[in-house]
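A.B. asks: Input: one structure, supplied below.
The values are calculated or read from the model by the stated rules, or taken from the named source; none is laboratory data. The structure presented is a predicted model; accordingly, all values stated were derived computationally and were not measured. Neighbour counts run over all protein chains shown; Cβ positions are idealised from the backbone, glycine included.
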Amino acid sequence: MEKNNDDNDDEYEDFLDIDLNDNIDYNVDNLEKKNIDNKRIRKIDQSKKRATIESVFDERTIFQLNKLLVNGPLGKIEGIISAGKEANVYLAYDQKGKEVAIKIYKIDSNTSKWMRNYIIGDPRFKKLPRNISKIIYLWAKKEYKNLKRAYKAGLRVPEPLHIKSNILIMEYIGFEAIPAPKLKDIKNPKDKINLFKEILSFIKILYQKAKLVHGDLSEFNILYHNQKPIVIDISQAVSIQHPKAEIYLVRDIKNIFNFFKKLGVVTPDPKSYYYDIINFDR
Ligand SMILES: Nc1ncnc2c1ncn2[C@@H]1O[C@H](COP(=O)(O)OP(=O)(O)OP(=O)(O)O)[C@@H](O)[C@H]1O
Ligand SMILES: [Mg+2]
């Protein structure tokens, strides 16, 4: 029988809401008390970290990870690259010792709520599961499938390698143990105009060939590797037939244009770029 994660999630929510400054009286000139408070804060911090880890590694996830380690394709999990709200990303090695990235989605009732908007209305998904973990599994599969479509269209995204439940294994972008930085962290990228052009062509090919709209495209979801952009985090991408596809497309275009404008790049008229994308022989 499926375990209901609702209650657990609420427990974590309450726990994470603890205000670290509560009950700390800075006017009390009492070192002893301050020490105790400091210890308490450290303790809460530790528990918070544990809660984060535990909320990703629920029993079933540990079971599946174990299976992937025993039967392949995983050889070893090295360490965490990023701890986000919806998912954690880890550096791992396959059984031949090649780096891979693992994205593990958290089974979280709050996350599954907003995910519905990007699933309902997408003709690829016939019905929405009622169970929270099944929605998250569907979401992880959606990212895998979106990556596949983009990769097949020749776009610069990590190659999707394997999907199991809430665990997505994909090509690792980075040099050895150092993952590629996000575009937002690059102070002065080389050849900004070409970089901008490459991202514009990414949006267009994703729409016209892969028939998808990214939906969360910005300098936060583009890695900068070998002086080239690689687009990640494509789970929310919707089919161009989705009723909100055009709204998401406009948002993606705005984000990218704003970022390059701030870098001093002269950008074309976003409206004509938008029409240039959506008017094509289907
Ligand atoms: N294939 C990859 N290779 C190397 N690093 C990656 C890869 N995929 C993701 N990352 C790193 O993990 C981070 C989080 O990944 P992603 O954006 O897909 O997840 P997210 O759930 O949106 O997390 P966040 O809320 O932090 O954006 C990225 O910003 C990037 O630094
Ligand atoms: Mg992201």
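A.B. asks: Give the range 110-127 a look and list any residue that's surrounded by fewer than 18 Cβ atoms within 10 Å (Cβ to Cβ) and outside any loop (DSSP other than H, G, I, E, B), or say none.
C.D. replies: Hits for the range 110-127 are Asn110, Lys113, Trp114, Arg116, Asn117.
A.B. asks: Mind checking which pairs have a first residue in the range 173-194 that is assigned to a loop (DSSP other than H, G, I, E, B) and a second that is of a type in the set (Gly, Ala, Ser), Cβ under 7 Å, 6 or more apart or different chains?
C.D. replies: Filtered contacts from the range 173-194: Ile173/Ala180; Ala180/Gly174.
A.B. asks: So Ile178 fits all but one of (1) at pLDDT 95 or above; (2) buried (at least 22 other Cβ atoms within 10 Å of the Cβ); (3) farther than 25 Å from Lys211 by Cα; what number is the exception?
C.D. replies: (2)
A.B. asks: Which of the following residues is basic (Lys, Arg), out of contact with any Gly (no Cβ under 8 Å at 6 or more places or on another chain), modelled with pLDDT under 90 and within 16 Å of ligand 1 (Cβ to nearest atom): Lys113, Lys98, Lys106, Lys126? Talk me through it step by step, then tell me what you get.
C.D. replies: On the way: Lys98 fails: modelled with pLDDT under 90; Lys106 fails: modelled with pLDDT under 90; Lys126 fails: within 16 Å of ligand 1 (Cβ to nearest atom).
Residue meeting the stated conditions: Lys113.
A.B. asks: Take the residues in the range 231-256 that are among the β-branched types (Val, Ile, Thr) and touching a Pro at 6+ places or on another chain (Cβ under 7 Å), then tell me which one is nearest to ligand 1 (Cβ to nearest atom).
C.D. replies: As a first pass, look at the range 231-256 and keep what is among the β-branched types (Val, Ile, Thr): 231-232, 234, 238, 240, 247, 250, 253, 256.
The next check asks that each one be touching a Pro at 6+ places or on another chain (Cβ under 7 Å); those that pass are 232, 253.
Values: Ile232: 5, Ile253: 19 Å.
The extreme case among them is Ile232.
A.B. asks: Please work out which one of (1) assigned to a helix (DSSP H, G or I); (2) modelled with pLDDT of 95 or more is the condition Met170 fails and give its number.
C.D. replies: Status for Met170: all satisfied but (1).
A.B. asks: Determine whether the range 207-221 contains at least one residue that is more than 11 Å from ligand 1 (Cβ to nearest atom) and assigned to a helix (DSSP H, G or I).
C.D. replies: Yes.
A.B. asks: Scan the range 196-206 and give yes if some residue there is more than 10 Å from ligand 1 (Cβ to nearest atom) and assigned to a loop (DSSP other than H, G, I, E, B), otherwise no.
C.D. replies: Restricting attention to the range 196-206, the residues satisfying the condition of being more than 10 Å from ligand 1 (Cβ to nearest atom) are 196-206.
Applying the additional criterion that residues be assigned to a loop (DSSP other than H, G, I, E, B) yields none.
No; the residues of the range 196-206 include none that is more than 10 Å from ligand 1 (Cβ to nearest atom) and assigned to a loop (DSSP other than H, G, I, E, B).
A.B. asks: Could you tell me which of the residues Arg156, Arg149, Arg130 is part of a loop (DSSP other than H, G, I, E, B) and either closer than 27 Å to Pro229 by Cα or in the same structural domain as Thr267 (by TED's automatic domain parsing) (or both)?
C.D. replies: On the way: Arg149 fails: part of a loop (DSSP other than H, G, I, E, B); Arg130 fails: either closer than 27 Å to Pro229 by Cα or in the same structural domain as Thr267 (by TED's automatic domain parsing) (or both).
Answer to the check: Arg156.
Yes or no, residue by residue, for (1) more than 25 Å from Gly121 (Cα to Cα); (2) within 15 Å of ligand 1 (Cβ to nearest atom); (3) more than 23 Å from the chain's Cα centre (by Cα); (4) among the aromatic types (Phe, Trp, Tyr):
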| residue | (1), (2), (3), (4) |
| --- | --- |
| Gln227 | yes, no, no, no |
| Val265 | yes, no, yes, no |
| Pro270 | yes, no, yes, no |
| Tyr273 | yes, no, yes, yes |
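A.B. asks: Pairs only if they're at least six apart or on different chains, beta carbon under 7 angstrom, first in the range 69-81 and assigned to a loop (DSSP other than H, G, I, E, B), second surrounded by 15 or more Cβ atoms within 10 Å (Cβ to Cβ); list them, first residue then second.
C.D. replies: Pro73/Asp94; Pro73/Leu161; Pro73/His162; Pro73/Ile169
A.B. asks: Report, by residue number, each residue of the range 187-226 that is within 16 Å of ligand 2 (Cβ to nearest atom) and more than 26 Å from Met115 (Cβ to Cβ).
C.D. replies: Scanning the range 187-226 gives Tyr224, His225.
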